[in-house]
Each structure stands twice: as structure tokens, then as C-alpha cells.
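What follows is a set of notes on a single structure, which appears directly below.
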Amino acid sequence: MPELPEVECVRRTLEPRLVGAVVESARLRRRDVLTQPPGQPGAPREALLLAGGRVVNLRRHGKQLAIVTHDGRTCIVQLGMTGSLRWSSEPLARGSLTHVHCVWTLESGRGFFWFVDPRRFGGLTSLREESLATQWAALGPDALTISGSHLHQALARSRRPIKAALLDQHALAGVGNIYADEALFLARLLPHTTCRSLSAATWNRLAHAIRAVLAEAVLAGGSTLRDYRDGEGNPGLYQARHSVYGRAGMPCPSCGATLAGGLLAQRATVWCPACQK
Ligand SMILES: [Zn+2]
């Protein structure tokens, strides 16, 4: 499932393709993929999907990506479990449209981009750019720049295991199962540790580990486990550098002990019983 690094890589690969380009048309192939927050005035579907607008910005918060046009129209793309947003200089072939829910055509031969999502846990949201702050305020701060003092303030009274808290998008936005396990390993923290038992210094260490793991993953193009690809169709390389995620039963890359695995907050979790206390 795409987490912050993967969405950031999609943003970075699409930015030079989309920014400055005018959206000639938008074709929604499946209506229930598009939602509008309540209170949005009714508008033609093409307009909701940015047709006629010049793209001025691609913004990201946590796992959400927003395409913004010159007149403030904004389309949030959520990749969910299996979604991707892909650009190409060539239009999609008729036979490749399965699970493609929206296709945008750019003016002046600047190509095409489309949203594809086989399992449909993702989707598109149309809103005005000025509403983005409200929309994103419901999420925690972006995990790429998370501070120890924020984590401390948000979670220090929680009785939840730290791993479960890291997955809570209201506490911090962008961390999912892969990077929670990787960050906890780097911080040498057992995923089951109760939040309220952590000191301020430990929260700082954890915040540093989260930022470090996410930044490295972005530089490596994200993690491709099954179907993740960036905006130009390239897989990530960070999966080869996972220390613990998906490696239960294998040796710890740091101390050689056998990595333990189990379910925590209903998610497969892997840790080193020797390194993580
Ligand atoms: Zn170890």
C-alpha cells in the first residue's frame, strides 16, 4: 500500500509533467470514485476534475496528493491500497482501460495522466484550494517533518502500543505498516511499548528515526512490494533495504538475532527482540 514516500515519489515525478500544463479534458469513467465535501456548490463533473485549468501546484500531505489549478480548483487523489496516478506522452490503448477510473488529457501535446485503482479503496475529492487546510487539519502533521515535541504532545498520554499510534493518521500523517516497523527498528523501540511509558528523549529519537526512514525511502523511489509505481511507471528500490518489514524469521541486519513477527493492531509486525526494547 502506498505510504508517504511512495506518494511523494508520485508527486515528484508528475510535477514537471503537470505544472504549467492546461487540462484540456477530464473523463470520469466511474462516478463513485469522485466525492465532494458537503457544502461544495454543484458544478459540472469536468470542471470538478480541473478541465480548462492550468496546473500550478502539486501538493502533498501524508498520503494525500492534491492537484491545484490557477483558479483554485483542487483535486485530491488518494491512492488507497492499489491506486496509482500515471502520466504518459501516449494515450491509453483501449484494451488497457480496466480499472482506470479517470483520464485527463493535457493541451499542446503535453500528454495524458490517469487514475487507476483495481480495489477502489482510493478515490478523488474535488474542492477549492482554500478548503485544503481544513481538509488536512483533520490529519496530523506530515510525517516527513514530524517533531519529537509534537509526538510527545499528541501521544504521551495514550495507552496504545506505539506501533498502533504511529498508524493513526490523526496523530501523524503518512506512516503505514512498512515505515512504522522500519522507524521503530531504527529507534530501537519495541512496537508493543505503551505510548505513555516513553520519555521526551525517546519521542525525539523516534521522530528522528521516522524522518530519516521516510527521507531515505523517498530518495530510493519508495518501496514496491506488488504494484506500486511512480508517476512515470517506475518501481521503487527501497524494498531491498527494509531492515525488518516482511523479514520475520530472518536474521536482524544489525545483530544477527532472528527477527520476531506477530499481529499488532491487526497488522503484521516484525521486530528484533534483541535490538528493540
Ligand atoms: Zn537486532
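What follows is calculated from the coordinates using simple rules that are stated; it is not laboratory data. The model shown is predicted, which means the values in this text are computed figures rather than measured ones. Positions of Cβ are backbone-derived with ideal geometry, glycine not excepted, and every protein chain shown enters the neighbour counts.
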With each label point set 7 Å from Cα along the Cα-Cβ vector, what nm distance links residue 94 and residue 59? 4.1 nm
Going toward the positive end of the dipole of the range 143-271, with +1 on Lys and Arg Cβ and -1 on Asp and Glu Cβ, which of 167, 197, 228 do you reach last? 197
For the chain, modelled as a Gaussian network with Cα springs under 10 Å, which listed residue fluctuates most, 68, 33, 244? 33
Considering only DSSP beta bridges with both partners in the chain, what is the antiparallel share in %, to the nearest 5? 95 percent
Give the distance, in whole Å, between the Cα centre of the range 97-167 and the Cα centre of the range 1-73. 12 Å
Count charges around residue 191 for me, please; just the other residues with Cβ under 13 Å from its Cβ, Lys/Arg as +1, Asp/Glu as -1. +3
Can you list residues from other chains, or at least 5 along the same chain, whose modelled amide H is less than 5 Å from the amide H of residue 60? 66
Nearest 0.05, what FRET efficiency do residue 108 and residue 32 give at R0 = 35 Å with Cβ-Cβ as r? 0.65
For residue 222, list long-range residues whose amide hydrogen, built 1.01 Å from N in the peptide plane, is under 5 Å from its own amide hydrogen. 237, 238
Report the label-to-label distance for residue 160 and residue 129 in nanometres (one decimal), using points 7 Å from each Cα along the Cα→Cβ vector. 3.3 nm
Pop out the Kirkwood hydrodynamic radius of the chain from its pairwise C-alpha distances, inverse of mean 1/r, in Å to one decimal. 19.6 Å
Return the calculated 222 nm mean residue ellipticity for the chain, to the nearest 500 deg cm²/dmol, obtained by summing -39500 (n - 2.57) across DSSP H runs with n ≥ 4 and dividing by the residue count. -7000 deg cm²/dmol
Cα shape, the range 81-189, gyration tensor, a/c 1.5 rule: prolate
Please give the length that would be gained between residue 215 and residue 266 if that part of the chain were fully extended, namely 0.36 nm times their separation in residues minus their C-alpha to C-alpha distance (nm, one decimal). 15.7 nm
Given Cα positions, please report Rg to Rh for the range 143-271, the hydrodynamic radius being the Kirkwood one. 0.96
Using per-residue counts of other Cβ atoms within 10 Å, averaged over each peptide, order 54-65, 103-114 from highest down. 54-65, 103-114
Name the long-range amide H neighbours of residue 102: under 5 Å, sequence gap of 5 or more, or other chain; modelled H, no Pro or chain starts. 29, 115
Residue-ordered couplings for the range 270-277, obtained by feeding phi - 60° into the Karplus form 6.51 cos²θ - 1.76 cosθ + 1.60 and rounding to whole Hz (Gly and Pro as x), are 10, 8, 9, x, 8, 7, 9, 10
Across 5 Å bins from 0, what is the distribution of all Cα-Cα pair distances for the range 4-137, in whole percents? 2, 11, 22, 25, 24, 12, 3, 1, 0
